[in-house]
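Each remark here refers to the structure printed beneath this line.
Just so you know, all these numbers are worked out from the coordinates, no wet-lab data involved. As the structure is a prediction and not an experimental result, all values here were calculated from the model. Here Cβ is always computed from backbone atoms with ideal geometry, including for glycine, and neighbour counts include all displayed protein chains.
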Amino acid sequence: MWKTIIRRILIMIPQLFVLSLLIFIMAKFMPGDPFTGLVTPDTDPNRIEELRIQAGFYDPWYEQYYRWITNALQGEFGDSYSFQVKVSTLIGERGLNTLWLSLLSVTLLYAIAIPLGIIAGRYQNSLPDKLIVLYSFISYAIPTFVLALIFLFLFGYQYPIFPTSGTVDVQYDPGTWGYFWSKVYHLLLPAITYAILGTTTIIQYLRTEIIDAKRMDYVKTARSKGIPISKVYTKHIFRNSLLPIAAFFGFTITGLLGGSVFIETIFGFPGMGQLFINAISARDYSVITALVMLFGFLTLVGSLLSDIIMSIVDPRIRIE
Amino acid sequence: MNKKKWSLFAILLALVLVLAACSGDKDGGNAGGKDKPEPKKVDTSAFPMAVDNKDEAIKGGALEVALVSSSPFKGIFLAELYEDGYDSDIMDFASNNLFAVKQDFLISDTGIGALKVDEKNNKATVTIRKEVKWSDGEPLTIDDVIYPYEIIGHKDYTGIRYDVNFKNIVGAEEYHAGKEKTISGLKKIDDYNLEISFKELSPAIYTGGDGLWAYAAPKHYLKDVAIKELIKSDKVRKSPVTLGAFKFDKIVNGESVQFLANEHYWKGKPKVDKAVITSVPPTQIGKALKAGKYDIATSFPATEYDSIKDAKNLTILGRPELAYTYIAFKLGKRDSKKGIAIPNPDAKMNDVNLRHAFAYAMDVEQVADEYYEGLRTRSKSLIPPVFELYYDDTLEGFKYDPEKAKKLLDDAGYKDVDGDGLREDKNGEKLEIKLAAMAGSDKDEAIVSYYLQNWKEVGLNVVLTTGRLIEFNSFYEKVRADDKDIDVFQAALGTGSDPSPAGAFSPDSQFNTSRFATPELDKLLAKIDSKEALDPEVRAKAFKDWQLYMFEQAPIFPIYSRTEVMPVNKRIKNYDKDHFTKMDLNELELTADKPIK
């Protein structure tokens, strides 16, 4: 298995290389550049040209690419054009925000979805099952921004229980309890929104798997041996039914850094999704390329992780 | 079974209600053009520029300010380095600005600095008040006035301000090239006086142009940081030292800033204890203001006016923006080697009557009232009316007049030859005019289709370049490259505090995107920035001549001037947003503990 893992990691290198080439060229194809947005009649066009030359935008693309890739290999992704800080610092800051938000969201998501999925599967066709299925259809059908706006207006303004924007209240000093609590408090509403919207897949998978598993021979065997029904569920069925969820778990872990554009925009939450969109519209090349590379890398790692997790959860599967 | 159905129904009903409540009365302005809805215009001239609050003020208090923005602010808090308007909005609370302005944005002597110009010798002297202190208690000296020039002129400076104006200072280029250690044109006379030598002076010097820099930078605080590192340093991003009414206290990067009253402020410590600025997404701002979360909203988007117009807890201030929206015709190409605009006599729109007809056919009044609720009004001149001295108020502008448009076209020989209701060009060939416009809010789409219909009514076949509205970056790239699929385009222009049109209209300017160039225009523009125009009356006359010429030739014509809306909570006292403000932030007071709901 170790051999396979190492081989998979080695394959990532050419994959990432091709990705970097594609994204670099495509980013340059976009009309405009980071300086286009700065131009007003008060700015001197010659100065803008100077800045473009300094930034090397007129060099042939392969020279620009070579310069970028050699720096990138040393972990140096350059400065963001619009924020004027190191890309790594910028991504570090926003990534951390997104990471906390996603962690809380995913925890809530599993905390809601797994019990609901189990109840729905176990008591198939009962009233709770029907309500759960209805809930999961509705949450699946509601667009993210609609629910986010509803929650924001309901719980941010109508009944002002939660803060409505940002990640922390400015009056607290980092490192204090007030600061920590303020951070968590700001995370809650977006996290709950995110969690409610994401439950459908897990509920549906879990429910179907449990319904299928109920009729399996091993369940019958276990029952005939006299094992109590609740034990059969917790020991036998539950573990088997989690398989399809485990198959995604690797992606879930690496997806924590992806961020959600809608949630972040509506809740004014400075995270990765927003950073990515803003970077694209401002033509902030260094940020765009670094982010795509990061997302690409995470996806590859995610699929590897998923395979590894699968092999741990399901001993029948062996990575060869 | 019945029970289940009921519960399902109840849930659905609840959902429908919530959704309906959210969508609210947003779809009011759905004017397709045919059925003219009732205008719901507001009289923008009725917006006051200052609040009038007679209530008794409380002691201290915290001012809550919303910075309306859909993305985090950049957080570069130094006037020499920032490039983002939001950073500038934040810095206004702790501004390092040296000069106050009076009517027509002329520098007055009521600020920290005073300006004396020696027109004959191309020199200007900046004199600063004594006893002005930085927020850390250090005194302001003339070195702090010189330091910004050394930052901007430095070879490691990567911002946009090392420009043609800046090079107008004697010795700036030598300093930039690294040949000189200082800028030779800056002469420190004593601790409070600086003499600046310019290569050339124009009337712009009186509004802070020609290379004069209007801000101070705390040299004692910044001198240890290399210019190259300045933009990333904590001294700029986390703990700036400033001159304004408030001083930076805490900053959450990209989200919020807490200011405290600056006890060293030269006009006296502000009456409120602190001010907190928070970035708020545009989708929330209306709701947030009505809920009494904020006292003031800066960069309030005009499109959100609808959401606050009935609010009882707000006073809505308004002031004219120094910008207008315009329509321009592509009349040539830019020769980038020579750096000049070359007019093309065969350009589709190279007929004054066609251009005039095009302008008269647009029902701008209707659009301004209907879609912008009067927050935009028909603009008559390329100079915003705020510039009282230069604005030509005798101009009529292109008031909506389809009959006149038709007549102009008939007389000029644009006739409908094949009877399809659309006019052909003078040679009887089909005439298709391609209009490029920027994509923005959902209103833009509706407005453009309304205009397309306007033009059709006078028989002009106008279609959109690329068939739809164009994304901002692509739009400017196409316009600058003189794309062959653009005959006409719509864009907006900010004039800044010096309304000199040379930057946007002279033949050698890259921003002269209509590529209109005539010897007369050259003459008129040169006059505006000439030495004789240092005499305000000569300059005013030159401005008016130019405005009239541009109206007659119409290579570009303005469509709307804009009113900037500033909602302010009713607990605010002594607040004034006049461009030529007399009231300062240190006088601002609050009349309640929390913003009124």
Quiz item: So, in Å, what gap is there between the alpha-carbon centers of the stretch B:469-537 and the stretch B:330-370?
Solution: 12
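When only Cα pairs under 8 Å and 6 or more residues apart are kept, what is the percent relative contact order across the stretch B:321-563? Please report the intermediate quantities before stating the final value.
Working: 433 pairs, mean separation 85.8, N = 243.
Relative CO of the stretch B:321-563 lands at 35 percent.
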Self-check item: Entries in B:LYS271/B:LYS594; B:LYS523/B:LYS544; B:LYS123/B:LYS155; B:LYS228/B:LYS250; B:LYS250/B:LYS597 that, when Cα-Cα distance is taken, lie over 21 Å
Solution: B:LYS123/B:LYS155; B:LYS228/B:LYS250; B:LYS250/B:LYS597
Quiz prompt | Average partner coverage of A:163-169, which counts Cβ from other chains inside 10 Å | solution = 6
Quiz item: Can you give the calculated 222 nm mean residue ellipticity of chain B, where each DSSP H run of n ≥ 4 adds -39,500 (n - 2.57) and the sum is split over every residue, rounded to the nearest 500 deg cm²/dmol?
Solution: -7500 deg cm²/dmol
Quiz item: Which helices pass in chain A if a helix is a full DSSP H run, must span at least 15 angstrom along its long axis by Cα, and must have mean Kyte-Doolittle hydropathy not below -1.0?
Solution: A:2-29, A:61-73, A:87-122, A:127-141, A:177-214, A:243-255, A:285-313
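How many partner chain Cβ atoms sit within 10 Å of a residue's Cβ in peptide A:279-292, on average, as a whole number?
Working: counts 1, 1, 4, 3, 1, 0, 0, 0, 0, 0, 0, 0, 0, 0.
Taking the mean over all residues of the peptide, I get 1.
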Self-check item: Antiparallel bridge percentage (DSSP; both residues within the stretch B:392-492; nearest 5)
Solution: 10
Quiz item: Using the 10 angstrom Cβ neighbour count as an exposure proxy, how do B:TYR86, A:TYR66, A:TYR110 rank, fewest first?
Solution: A:TYR66, A:TYR110, B:TYR86
Quiz item: What's the center-to-center distance, using Cα atoms, between the stretch A:241-268 and the stretch B:137-203 in Å?
Solution: 53
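Calculate the FRET efficiency for A:ASP314 and B:LYS484 from the Cβ-Cβ distance with a Förster distance of 51 Å, rounded to the nearest 0.05. Can you show the working numbers first?
Numbers: r = 62 Å, r/R0 = 1.22.
Here the calculated transfer efficiency is 0.25.
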Quiz item: How high is the relative contact order of chain A, in percent, with contacts defined as C-alpha pairs under 8 Å that are six or more residues apart?
Solution: 27
Quiz item: Going by the alpha-carbon gyration tensor, a ≥ b ≥ c the square roots of its eigenvalues, is the stretch A:1-111 rounded (a/c under 1.5) or, if a/c is not under 1.5, prolate (a/b greater than b/c) versus oblate?
Solution: oblate
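Over all directions, what mean area does the Cα convex hull of chain B project, stated in square nanometres? Intermediate values should be presented prior to the final figure.
Values: hull surface 134.4 nm².
The number I arrive at for chain B is 33.6 nm².
To the nearest 20 Debye, how big is the dipole of the stretch B:321-563 about its Cα centre, given +1 on the beta carbon of each Lys and Arg and -1 on that of each Asp and Glu?
Working: 33 positive and 44 negative charges, 127 e Å.
For the stretch B:321-563, the charge dipole is close to 600 debye.
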Exercise. Tell me the label-point distance for the pair A:TYR58, A:TYR159, using the 7 Å Cα-to-Cβ offset, in nm and rounded to one decimal.
Key: 6.3
Quiz prompt | Residue (of B:GLY332, B:ALA436, B:VAL257) at the positive-pole extreme of the protein assembly as shown, dipole from beta-carbon charges | solution = B:VAL257
Quiz item: Short version: what are the Cα gyration tensor semi-axes of the stretch B:302-460, square root of 5 times each eigenvalue, largest first, in whole Å?
Solution: 33, 21, 16
Self-check item: Inter-chain Cβ neighbour average for residues B:149-155, partner chain, 10 Å
Solution: 0
Quiz item: When DSSP assigns beta bridges and you keep just the ones with both residues in the stretch B:103-232, what percent turn out antiparallel, to the nearest 5?
Solution: 100
Quiz prompt | Within the stretch A:251-320: Cβ-based charge dipole about Cα centre, in debye rounded to nearest 20 (Lys, Arg +1; Asp, Glu -1) | solution = 40
Quiz prompt | Simple spin-label estimate for B:ALA492 and A:ASP173 in nanometres, 7 Å along Cα-Cβ | solution = 4.3
Exercise. Could you tell me which of rounded, prolate or oblate describes the stretch B:101-207, using a ≥ b ≥ c as the square roots of the eigenvalues of the alpha-carbon gyration tensor, with rounded for a/c under 1.5 and, failing that, prolate when a/b is larger than b/c and oblate otherwise?
Key: oblate
Quiz prompt | Net charge of neighbours whose Cβ lies under 15 Å from the Cβ of A:LEU257, counting Lys and Arg as +1 and Asp and Glu as -1 | solution = -1
Quiz item: Given 0.36 nm per residue, what is the gain on full extension from B:THR125 to B:LYS181 after removing their alpha carbon distance, in nm?
Solution: 18.0 nm
Exercise. Pull out the extension gain between A:ARG7 and A:TRP181, defined as 0.36 nm times the separation in residues minus the alpha carbon to alpha carbon distance; nm, one decimal.
Key: 58.2 nm
Quiz item: Taking only C-alpha pairs under 8 Å that are 6+ residues apart, what is the relative contact order of chain B in percent?
Solution: 21
Self-check item: Simple spin-label estimate for A:LEU243 and B:THR466 in nanometres, 7 Å along Cα-Cβ
Solution: 5.0
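Might you report the magnitude of the Cβ-based charge dipole of the stretch A:87-313 about its Cα centre, with Lys and Arg at +1 and Asp and Glu at -1, to the nearest 20 debye? Don't skip to the answer; put the middle values down first.
Values: 14 positive and 10 negative charges, 232 e Å.
The dipole magnitude comes to about 1120 debye.
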Quiz item: Which residue, chosen from B:PRO148, B:LEU186, B:VAL225, occupies the Cα position most advanced towards the positive end of the dipole of the stretch B:103-232, where the dipole is computed from +1 (Lys, Arg) and -1 (Asp, Glu) charges on Cβ about the Cα centre?
Solution: B:VAL225
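May I ask you to derive the FRET efficiency for B:GLU388 and A:LEU188 from their Cβ-Cβ distance with R0 = 41 Å, giving the value to the nearest 0.05? Mind showing how you got there, number by number?
On the way: r = 53 Å, r/R0 = 1.30.
Using R0 = 41 Å, I get an efficiency of 0.15.
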Quiz item: Of B:PHE398, A:THR200, A:ASN46, which is farthest along the charge dipole of the protein assembly as shown in the positive direction, counting Lys and Arg as +1 and Asp and Glu as -1 at C-beta?
Solution: A:THR200
Practice problem: Any chance you could run the full-extension gain for B:LYS102 through B:LYS399? It's 0.36 nm times the residue separation minus the Cα-Cα distance, nm to one decimal. | Solution: 103.7 nm
Quiz prompt | Distance between the stretch B:564-597 and the stretch B:211-241 - C-alpha centres, whole angstrom | solution = 30
